[in-house]
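Please read the structure below before turning to the comments.
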Amino acid sequence: MNYQILVLDLDGTLTNSRKELTEPTRKALMEIQEAGKKIVLASGRPINGVAPLAEKLELSKYGGYMLSFNGARITQCSTEEIIYNKTLPPEVISPIYDTIKEYKDVDLITYDGEFIYSGFTPNQYTEKESFINSMEIIKKENFVESLSFPVNKLLVPGEPAILQEIMPVLQRKFHKLLNIYLSEPFFLEIMPQNIDKAYSLQKLLNSIGLTADSMICCGDGFNDISMLEYAGLGVAMENAQPIVKESADFITKSNDEDGILHVINTFLR
C-alpha cells in the first residue's frame, strides 16, 4: 500500500519516556516529508503542547497538520488555518464543576494560551500535565466564571480508582452532549459530543481528498483506539495498553526503542 499520511500520537508514541524526540526518529520523519509524505501530530495535548514538536519537525515547511485536544481542533501548519474547531457547550461547565467538587483528590482543568487553569487543588497529575505541555498552572478561585472563552476540552486529573467512579456519573449526566473517556488511567477527558481522533481525521481526509486507506496511525493510549481502528494501518506501540494492541494491525517497538522509526523503515521506505 502506498501510504501518504503518517499520524502520530505524542506521549508514549513519538516521544520517549523522557518526553524527547530522538534524533534517529526525527531524521527519518524529515526524510519521508522530503519524499512527499504528510505528518499529522494527533494528541490530547492543547495546541501549545503540540506546537514545539511541530516546529522540530518543520511541519509548516512540509504542509503537516496538528490535531490537538483529541481532535477538537485541527490546524494546518503552513497557513495556521484552523480547519476544524469544536468547543464544549458553555452551559455544561458549571454542572460539571459541581459534580467534580463532590470527589476528593481530583482536579478540573482547562487551557488558555500558555496557561493551565486549575479549578480545585492541583495534584500530581495536574503537575504531570503541566510538565508534558510546558505550561504554567494557575489556580482559579472562580473557575467557572473565569472560562469566558470557548473551551475545547476539560480534563479531570486524578487517582485512577476515583476516575473510574466519576466517569460513569458524568457519562450518564451528559451522554447526549459530551464525549467522556479516559486517555490515561489518571486523565479523564471531557470532550464535545462525537469528538475523538478518528472523527477529526475523517474531517481532515475529506478536506484534502484522501481516504483512510492511505493513512498509518500510531498510538499507545485509550484515546488512540478510534484512529487505529479507522486507519488503513493501525499501529500500536509495544508499550501500549493491552486493549490498544488488540485494536491494532501491527505492533511496533516501544517508544523507548524508536518504535516510530521501525514503522517508517517497515512501511514508508
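Worth a mention:
- Within segment 92-121, considering residues that are surrounded by fewer than 17 Cβ atoms within 10 Å (Cβ to Cβ) and of a type in the set (G, A, S), the one nearest to P157 (Cα to Cα): S94
- Tally of residues being part of a helix (DSSP H, G or I), open to solvent by less than 20 Å² (accessible area, probe 1.4 Å) and either free of Cβ contacts under 8 Å to residues at least 40 places away in the same chain or small (G, A, S) (or both) across segment 14-70: 5
- Index of the failed condition, L268 passing every other in (1) more than 20 Å from K197 (Cα to Cα); (2) touching a residue at least 40 places away in the same chain (Cβ under 8 Å); (3) open to solvent by 30 Å² or more (accessible area, probe 1.4 Å): (3)
- Contact annotation: residue pairs with Cβ atoms under 7 Å, 6 or more positions apart or on different chains, pairing a residue in segment 125-148 that is in a helix (DSSP H, G or I) with a partner that is loosely packed, with under 14 Cβ neighbours inside 10 Å and hydroxyl-bearing (S, T, Y), are V144/S94.
- For F120, the conditions (1) over 30 Å from M1 (Cα atoms); (2) aromatic (F, W, Y); (3) under 20 Å from the mean Cα position of the chain (by Cα) are fulfilled apart from (3).
- The single residue among E184, E159, E189, E165 that is surrounded by fewer than 16 Cβ atoms within 10 Å (Cβ to Cβ) and either in contact with a strand residue (DSSP E or B) (Cβ under 9 Å, 6 or more places away or on another chain) or on the phi < 0 side of the Ramachandran plot (or both) turns out to be E165.
- In segment 32-58, the residues that are polar (S, T, N, Q) and within 13 Å of L6 (Cα to Cα): Q33
- Scanning segment 208-233 for residues that are modelled with pLDDT under 95, closer than 20 Å to N2 by Cβ and part of a helix (DSSP H, G or I) returns a single hit, I208.
- Answer from T75, T99, T79, T121 - the residue that is in contact with a Lys or Arg (Cβ under 8 Å, 6 or more places away or on another chain) and either acidic (D, E) or not in a helix (DSSP H, G or I) (or both): T121
- Conditions (1) open to solvent by less than 60 Å² (accessible area, probe 1.4 Å); (2) out of contact with any strand residue (DSSP E or B) (no Cβ under 8 Å at 6 or more places or on another chain); (3) not β-branched (V, I, T); number of the one not met by L205: (2)
The values are calculated or read from the model by the stated rules, or taken from the named source; none is laboratory data. Nothing here was measured: the structure is a model prediction, and the numbers come from that model. As a convention, Cβ positions derive from the backbone with ideal geometry for all residues, glycine included, and neighbour counts pool all protein chains shown. Protein only, heavy atoms only, side chains kept; ligands, DNA and RNA dropped before computing areas. Shrake-Rupley method; radii C 1.70, N 1.55, O 1.52, S 1.80 Å.
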